[in-house]
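Taking it in order: structure first as structure tokens, then the write-up.
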Amino acid sequence: MQWLDNLTNGIRALLQPGRVERDLDEELDSFLTDSIEHKVRSGMPEKAARREALVEMGSRNSVKHQVWSSRWESMLDSLLQDARISMRGLLRSPGYTAVALLSLALGIGGNTAIFTLINQVLLRPLPVRHPEQLMAFANSESAGIAGGIDPGQIGGYFPWDMAKQFEADPGPFQGIAAYGSFSDTASLRLTGHADGSTDGQAFLAPVNLVSGNYFSVLGADALLGRTILPADDAAPGSGAVAVLSYHFWHESLASDRNIIGKTMTINGTPFEVIGVMREGFHGIKQDIAPPDVWTPISMQAQVLQFPSMLIPHSGLYFLHLFGRLTQSAVTNKADFLHSQNWLDNRVRDAIREREGGPLSTERQQEIGRETVPLVPAGRGISMIRSEYGDSLKILMGVVALVLLIACANLSNFLLARAARRRQETMTRLALGSSAMRIVRQSLVEAFLLSMSGGMLGLAVAFAATRALIGFVSQGDSYIAMQSVPDLKVLAFTLITSLLAGLLFGLAPAIGAARTGVHGSIGSNVRTALSGGGRRVNFWPKSLVSAQVAVSLLLLVLAGLFLRTLRNLQNQDYGFERTHLLLAQTSERLAGYAPHQLPALHQQLLQRLSAIPGVRSVALAQMPPISNGTWSSNISLSGYTPGPNENLGSDLNRVSGAYFETAGIPILAGRGFTEADNANNLKVAVVNETLARHFFPHGDALGKMLTIDMDSVRGPWQIVGIAKDTRTGSPRDTDPVTMTYIPLAQIAPYLPVPAGSSARAATSGLDENQNCYANTLLLRTTGDPGQAIGALRSAVASIDPNLPLLQITTIREQVSNLISHDELVTTLSSLFSSLALLLAALGLYGVMSYNVARRNSEIGIRLALGAGTATVVGMILRESLLLLGVGLALGVPLALLSTRLVKDQMFGLNPVDPFTFSLAVLVLAGTTLFAGWLPARRAAKVDPMQALRCD
Amino acid sequence: MSPKTDTFGGRQAQSSDLVQGTLEMLILKTLELEPMHGYGVGLRIEQISGGVFRVNPGSLLPALSRMERAGNVTSAWQATENHRRAKYYSLTARGRKALCTETEKWQLRIGAIAQILEA
Amino acid sequence: MADDGKSEVLQGTLDLMVLKTLYAMGPQHGFGIARRIEQVSDGVLNLNEGTVYTALLRLQQQGWIASKWGTSENNRRARFYSITRQGAKQLERETENWERVAGVMERVLRLERQG
């Protein structure tokens, strides 16, 4: 504990400098007295003894200083002193300091902001026990209900019966749990009274279905009450219990600790609240809008208000699975493979069992090849991660480069200042200041700047992160991402600031040290300052060239992303992207049964058409372009499919004026009309790709089309061919087959299967769920945004309970689908402009300094008859040289680096000559302008003045 | 009689001077003999070296302060024989151990240098 | 003081050893001097190149040694150092001083606690 004593003594000395001083004074006095007494005793006259003792002791202050410097706290003290000196120096040039701090704040802030997101999206583990043991069964990012596929294939969907089997027998896993692949928004109402009579407030919140062992396998405990247990999830319809998220409990229920045991209705069914999870827990799926309520899967029908999907062999796959490996399977590859093989075998067995009957050898082999890969899920399963991960990594690189450029500027400035202070430094050295001390002073100044910059950067980062999260969330009110930095982010900022300080403080410090070794006050200071050219200039100039090179890289990147975004935006979408307003609604949430829909739809169409400025109105299940799909296999009269041919088609159910409203051209035949209703022949419109694929001779019209789904089977007669449209990701250019059917021709009740009783026909659950229309489309004459108010009041006038979940213009809808491209483009443009500005500032600074330094030389040249043009040319030539070197480095650098973003490009090659030339031009223009300003100043040098100065 | 020059004159040391390490060893040795106040230490070093080593407060006090921080010596204010207050330094257990290892090292080094000088 | 087994060499004694080595062995290059000192001291004195070269530089500035380019045993160009007449005198002074100091130290360290 010696160091501890040392530390406490030091701190005490720092806090009580007076006491230490007195102590030392007393000791010195006693020393002196002893010395005198001793000398007197040995026979010296008192006066002489005193004089000699004093001489021996030397300067009292110097002794004190030496004692002081033998202790560590003196180091700290002189560091503080250095900091004070630096602070004064910085305040003396407020303009520079402001620019320096601003560029550092932006540089460090940018880095921190992007890191905050990277930390949350890419790095942070789930707040559960041993997250590294969690494995998702296949990539489970997508959400929905799938049918007609093998379990675990295409997005990792599983049916309930299979999930139950895995839960009961997890094989080599510690446990296997299931959860609903999607969190449906449900209407929640706190009843307050057990009898259900209440005036409690209603909330809309996402609810996720989970298996009874979900929380235990995940390794998450409740903050209050308990989590869902296997007993809750035993049989369909049993286990009406709900666990709440911390966020919901905190925001909507005012952190009511008595909530446990109370009753809450979810879509009308009463549930008992049994627990509240801890803060920061959002489940295994890291959705942008995370679930607020978890209920057992057994309550699926009540929560989703959708017919039971829990019937064995229902063919409805809507669950994702994950397992917890044993620790040995995490560390040992063989054990891991054992778990993987076990899973694959179980899935293959299940497929064989499901197919029933004898299987062809071919199918046997196919099943034998199927696999459900274990995907590490310790950081959760996140769509955001796969969507934004690459973008964030690219942006991290971009902001790091910007910070480097800012550092180069600061380095140059400090170098210039050190050079200006050379004489002062030499004087200090001559007066006995150690070279170490001067180097330290120089570093302290750098760190003072970088730390202040880092502090400001943190503020910048906070604001920037909020904006970024806002961008990513696209208007969702609560999302699982935070802009408040955690410890990791703070450490990142601290380290970044320190590194930056070291980076730009090192060269000036080395310069100062070199002055210490070689400098001597006797040498001709002025010569060193004005003529000592090449060496002094080497650093600043190479830094400027490097800045030019890196700026070119950033400009090229920004250019490439900009062109990619343009290409994405300007491609032919197949529908019109102006004057169209889209609104998402949920007729089911408002309590409409399928048989009530035709009347509602009729009313909606009429009321919305009456809004002034609305040209036409349509209803559809889905907007022309969105993330979701509704699809099925189809068959066509007169078409014999080949073996293994993909017969899938995307589907949409639409109202009469859909094609006019969405602006999708009909290429042959006709679109739908109001006459296409339940009383007339069932008709369909298909897209070009479908028509061309199945009817290459152009005879699609009039053919019959059947959909492989009972609720909308058909047959449907093809009456029109519509232009192809982009339906999903705008990057996805592969043509998609598409079938449109009229909403009005879908029967509200499902056909009664042979053998079932007539009773089923009237029960609500057998109504046809595929009648709902979730999208309202309005084509307007003017700005579609203007119609939002009228749309809201029109819908409310029909039914105030009909929710309008999201209202967007088609332009916003498309831009949401390319949001990560927009993010990268916006930010890389922003940062490359910043880089360009910083590089220009850097060049301007170095050239200005050169001009100032060569003032007398320029003066002499002018006095000797050199023209202004010559002088301007002379200075500009230097700038051009730096630009040339920078470009010579930057072009190959950019060529190499842009290869890394090849996958992010759309419709252009990363070696895009146009982008490269433009970037070079912009850079050259800016640099020359930055170099021209000092050149002009050089030409204005008054020879007499310059020479007199000398 | 001219003022004594300092054998351990810190930074401006002549090349023939012995630096800090030796001084600290001498102080340790002196305090091992008996606890003493600052002036006494200097005086004792001079005495036992037969006047070869001389040490001024400018070297002695920083060395004592350094050694106190390192935990090799402790100090306390005590009354002197002529009834004044003085800061007395004494060796700690740690300091005793340090003296031992330093002495060993010194012997080793002295032997090595002697070998070179004789070679 | 360093706590590892090998001793740091104090500046004053280093000068002495370098001078002595050059005096005894004739002209040497820097590396040779360092190895020689280590060898003769049975590895007790461990010198890094930097220390030796600063010492050589200092001694040269004092005019106690001189240097010129030559060829080392493995046919590389190296700077060879030799002791000057002034250096020889300095060596004598330093040796005397060292012996005096070492003698006193020897005596001091042998002192026992009285009473």
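The values are calculated or read from the model by the stated rules, or taken from the named source; none is laboratory data. Keep in mind it's a predicted model, so treat the numbers as computed, not measured. Please note: Cβ atoms are built from the backbone with ideal geometry, for glycine as well, and neighbour counts cover all protein chains shown.
Being surrounded by fewer than 16 Cβ atoms within 10 Å (Cβ to Cβ) and of a type in the set (Phe, Trp, Tyr) is the filter here; which residues of the range A:331-347 pass it?
Matches in the range A:331-347: A:342 only.
Could you please let me know if residue A:426 is modelled with pLDDT under 85 and of a type outside the set (D, E, K, R)?
Taking the combined requirement at face value, the residue satisfies it.
Determine, yes or no, whether residue B:39 is touching a Phe, Trp or Tyr at 6+ places or on another chain (Cβ under 6 Å) and among the hydroxyl-bearing types (Ser, Thr, Tyr).
Answer is yes for this residue.
Looking at this structure, is residue B:72 crowded, with 21+ Cβ neighbours inside 10 Å, touching a helix residue (DSSP H, G or I) at 6+ places or on another chain (Cβ under 8 Å) and either within 12 Å of chain A (Cβ to nearest Cβ) or at pLDDT 85 or above (or both)?
yes
Could you grab me the full set of residues in the range B:77-102 that are touching a residue at least 12 places away in the same chain (Cβ under 8 Å) and more than 12 Å from chain A (Cβ to nearest Cβ)?
B:90, B:91, B:96, B:99, B:102
Please work out if residue A:5 is more than 30 Å from residue A:408 (Cα to Cα) and at pLDDT below 80.
It is true that residue A:5 is more than 30 Å from residue A:408 (Cα to Cα) and at pLDDT below 80.
Yes/no per residue for (1) on the phi < 0 side of the Ramachandran plot; (2) aromatic (Phe, Trp, Tyr); (3) assigned to a helix (DSSP H, G or I); (4) modelled with pLDDT under 75:
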residue: A:754; (1), (2), (3), (4): yes, no, no, yes
residue: A:779; (1), (2), (3), (4): yes, no, no, no
residue: A:785; (1), (2), (3), (4): yes, no, yes, no
residue: A:791; (1), (2), (3), (4): yes, no, yes, no
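Output yes when any residue across the range A:703-718 is without any contact (Cβ under 8 Å) to a residue 60 or more places away in the chain, among the hydrophobic types (A, V, I, L, M, F, W, C) and either part of a loop (DSSP other than H, G, I, E, B) or in contact with an Asp or Glu (Cβ under 6 Å, 6 or more places away or on another chain) (or both), and no when none is.
no
Listed here are the residues, each with its yes/no results for (1) of a type outside the set (A, V, I, L, M, F, W, C); (2) at pLDDT 85 or above; (3) over 13 Å from the mean Cα position of the chain (by Cα); (4) closer than 17 Å to residue B:117 by Cα.
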residue: C:30; (1), (2), (3), (4): yes, no, no, no
residue: C:46; (1), (2), (3), (4): yes, no, no, yes
residue: C:63; (1), (2), (3), (4): yes, yes, yes, no
residue: C:73; (1), (2), (3), (4): yes, no, yes, no
residue: C:80; (1), (2), (3), (4): no, yes, yes, no
residue: C:92; (1), (2), (3), (4): yes, yes, yes, yes
residue: C:98; (1), (2), (3), (4): no, no, no, yes
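Quickly run through the range B:26-58 and pick out the residues that are within 8 Å of chain A (Cβ to nearest Cβ) and modelled with pLDDT under 85.
B:56, B:57, B:58
Condition check ((1) under 20 Å from residue A:36 (Cβ atoms); (2) more than 14 Å from the chain's Cα centre (by Cα); (3) among the hydroxyl-bearing types (Ser, Thr, Tyr); (4) surrounded by fewer than 17 Cβ atoms within 10 Å (Cβ to Cβ)) across all residues:
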site: B:52; (1), (2), (3), (4): no, no, no, no
site: B:62; (1), (2), (3), (4): no, no, no, no
site: B:65; (1), (2), (3), (4): no, no, yes, no
site: B:90; (1), (2), (3), (4): no, no, yes, yes
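Out of C:99, C:106, C:38, C:73, which single residue is away from chain B (no Cβ under 13 Å) and over 14 Å from residue C:15 (Cβ atoms)?
So the residue among C:99, C:106, C:38, C:73 that is away from chain B (no Cβ under 13 Å) and over 14 Å from residue C:15 (Cβ atoms) is C:73.
Are any residues in the range C:78-115 in a loop (DSSP other than H, G, I, E, B) and either among the small types (Gly, Ala, Ser) or under 30 Å from residue B:99 (Cα atoms) (or both), and if so, which ones?
Within the range C:78-115, C:111, C:112, C:113, C:114, C:115 meet the criteria.
Any chance you could count how many residues in the range A:361-385 are more than 18 Å from residue A:282 (Cα to Cα) and either under 34 Å from the mean Cα position of the chain (by Cα) or part of a loop (DSSP other than H, G, I, E, B) (or both)?
6
For the range C:89-112, indicate whether the set of residues that are in contact with a strand residue (DSSP E or B) (Cβ under 8 Å, 6 or more places away or on another chain) and over 30 Å from residue B:35 (Cα atoms) is non-empty.
yes
How about the range A:1-110: which helices (runs of 4 or more DSSP H) wholly inside it have at least 2 residues that are away from chain B (no Cβ under 14 Å) and in contact with a Ser or Thr (Cβ under 6 Å, 6 or more places away or on another chain)?
Where helices (runs of 4 or more DSSP H) fall fully within the range A:1-110, none carries at least 2 residues being away from chain B (no Cβ under 14 Å) and in contact with a Ser or Thr (Cβ under 6 Å, 6 or more places away or on another chain).
Just to be sure I understand, how many residues within the range A:857-871 are surrounded by fewer than 19 Cβ atoms within 10 Å (Cβ to Cβ) and on the phi < 0 side of the Ramachandran plot?
Result for the range A:857-871: 9.
If you check A:906, A:914, which single one turns out to be farther than 26 Å from residue A:844 by Cβ and in contact with a Ser or Thr (Cβ under 7 Å, 6 or more places away or on another chain)?
Only one candidate qualifies: A:906.
Have a look at A:267, A:258 and point out the one that is surrounded by fewer than 23 Cβ atoms within 10 Å (Cβ to Cβ), without any contact (Cβ under 8 Å) to a residue 24 or more places away in the chain, more than 30 Å from residue A:174 (Cα to Cα) and of a type in the set (S, T, N, Q).
Answer to the check: A:258.
Checking residue A:601 against (1) touching a residue at least 12 places away in the same chain (Cβ under 8 Å); (2) assigned to a helix (DSSP H, G or I); (3) out of contact with any strand residue (DSSP E or B) (no Cβ under 8 Å at 6 or more places or on another chain), which test does it fail?
Of the numbered conditions (1) touching a residue at least 12 places away in the same chain (Cβ under 8 Å); (2) assigned to a helix (DSSP H, G or I); (3) out of contact with any strand residue (DSSP E or B) (no Cβ under 8 Å at 6 or more places or on another chain), the odd one out for residue A:601 is (3).
For the range A:908-950, how many residues meet the condition of being crowded, with 17+ Cβ neighbours inside 10 Å, more than 36 Å from the chain's Cα centre (by Cα) and not in a helix (DSSP H, G or I)?
1
Which fully enclosed helices (runs of 4 or more DSSP H) of the range A:799-907 have 1 or more residues being of a type in the set (Lys, Arg), closer than 30 Å to residue A:405 by Cα and touching a His at 6+ places or on another chain (Cβ under 7 Å)?
Per the criteria, no element qualifies.
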